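For reference, the structure discussed in these notes is given below.
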Amino acid sequence: MNYLFKSLSIFLISTAIFLVSCKKKENSYIVENYINIFEFENVKNAGKKLGGNLTPVAADEHNIYFNAPFGANLKGLMPTITLPQGVSISPSADEPQDFSRGKGVKYTVRSISGKTQVNVKIDIANAKKLVEIKSVVFSKDKNKLSDDSESVNEFYKGFFIKKTPERTYEAYDREEKEFNAKISIIKNDIYVQIPYNPVLEVKEAGNLTATVTFANTPDNVSLINGLPLSPVSVNSINLEVPINIGNKEFSHANMLRGITKRIRFSKDFGSKNLIEDYLVHFQYDTDELSDQCDLFPVTLGLGESVDNLAFTKDYLHNGEKVNNTYMCSLLAQKNDKGADQWPCGAVNVPTITPVLTKLITDDMGFSESSPIEIHFKKEVSMGAKNVFDIALKNDLKKLADGKKMPNFKFIADNVVLPDGAFFSIEGLRGSNCNKPRVQNICVQNPTELFNMYNLIPLKNNGIIFKVVAQNGVNYKIYRLLFENKYKDNSSVLSVVSTAKK
């Protein structure tokens, strides 16, 4: 099947034929009577970005249609023309012409006998549109994980600034209106502005669903979308259009240059088939990028809880309970009568949070040698919301009934970050990670599962990580330590003020 294409951002080449002759022809396909071939060969138009030979793909009594590719230079084109025997044309095929002005180029076709003269005007103009898209919107209801789900897919999440913790399903409503209001349509180009997101990457392929509204109900037009190409009849003023996104295509690396997807419409035109493309351009909106990268307010007091980095007690992660190593609730101790007692067994502390170790100064947080330091306490106390005891694994004397050996696995599951900010370990080295008999500081994203022990006395092991702002430039470095139950004065993590006086 032959196709007539109408492409994004450029005019189609519409060859309009106007006859000035004393001899009227009844045959409607006049071009076929006087011109055998009118095309643009790539070799004759080097550097014009034609992408190959431009040959007609449909013709009627007034027009010859070409597919002009995006970015083609239509100035100074040299056509290739073949005429019937006994016919000449002026200007000749060897004379370059400017087809970009929209005013047309006049060709005169004459018979050798001089009895017939035809003036042919070749214009660059827009062919009749198959559809006119009035608006495009994306909604959470059309981009759910499943029909009965109240969670949106990862593609739709990428339309909005990254939030930690994630939005609820209902919270998208207000931002969705603002997002759709920024979508613009210029001719056959649809521009979708997405917040800058250095950690954007959707690994799985899938579909984004757009709701398209036409200016008028299309007439006998079909949507050709997806693989395999299967036409869907368009018989309404509104249409749900699936936009296929490939594996890892929706990513920060690709968004830096923009991602373009095609929506194609078709219509039968006699023995031909007309095609019209709209291109959807996903682009970063870089007008206002946040530079906020503080995990908690810099005014936080010494020893105060860092509630924005919380670890839920006995958190279920991939079917396994983690964050369960507060030893005081596991070990049996003797009371003054020699009976077993459980000093923390009755205390229900739902979340554990670290505390600020040192007062924050202006020079902290920009290097590994001077990070912002926070820590978990080691004290056994009745209300220990800041305690994780990760002392020697063989420290157990007797487990309380029903208690199990802790697994020393951790994950920060309840985190609050500035809008657009994210955790990163890029460029960090740590120190002596997993080496024996020394303090271990491992590079670790706290929201990813990690193991932590204090295997020897006097050493406070921990992790180091960064919080990076939405702009991908500003950051703060944090060190999280687990205070050792067995310590001397050199290893005590008492809150210390380092403020300059």
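Which of rounded, prolate or oblate describes the range 246-316 when judged by the alpha-carbon gyration tensor and an a/c cut-off of 1.5?
Working: a/c = 5.53, a/b = 2.93, b/c = 1.89.
Judged from the Cα gyration tensor, the range 246-316 comes out prolate (a/c at least 1.5, a/b above b/c).
Take the residue pairs Lys385/Lys485; Lys409/Lys476; Lys377/Lys459; Lys142/Lys187; Lys48/Lys261 and return only those whose Cα atoms are more than 19 Å apart.
Details: Lys385/Lys485 16 Å; Lys409/Lys476 25 Å; Lys377/Lys459 13 Å; Lys142/Lys187 25 Å; Lys48/Lys261 24 Å.
From Lys385/Lys485; Lys409/Lys476; Lys377/Lys459; Lys142/Lys187; Lys48/Lys261, over 19 Å: Lys409/Lys476; Lys142/Lys187; Lys48/Lys261.
Gap in Å between the Cα centre of the range 166-189 and the Cα centre of the range 235-259?
14
Using the Cα gyration tensor of the range 273-313, with a ≥ b ≥ c the square roots of its eigenvalues, what is the shape: rounded (a/c below 1.5), prolate (a/b larger than b/c) or oblate (neither)? Please list the in-between numbers first.
Numbers: a/c = 13.94, a/b = 2.98, b/c = 4.68.
Because a/c hits 1.5 or more and a/b fails to exceed b/c, the range 273-313 counts as oblate.
Coordinate-derived values only; no laboratory data. Please read all numbers here as calculations on a predicted model, not as lab measurements.
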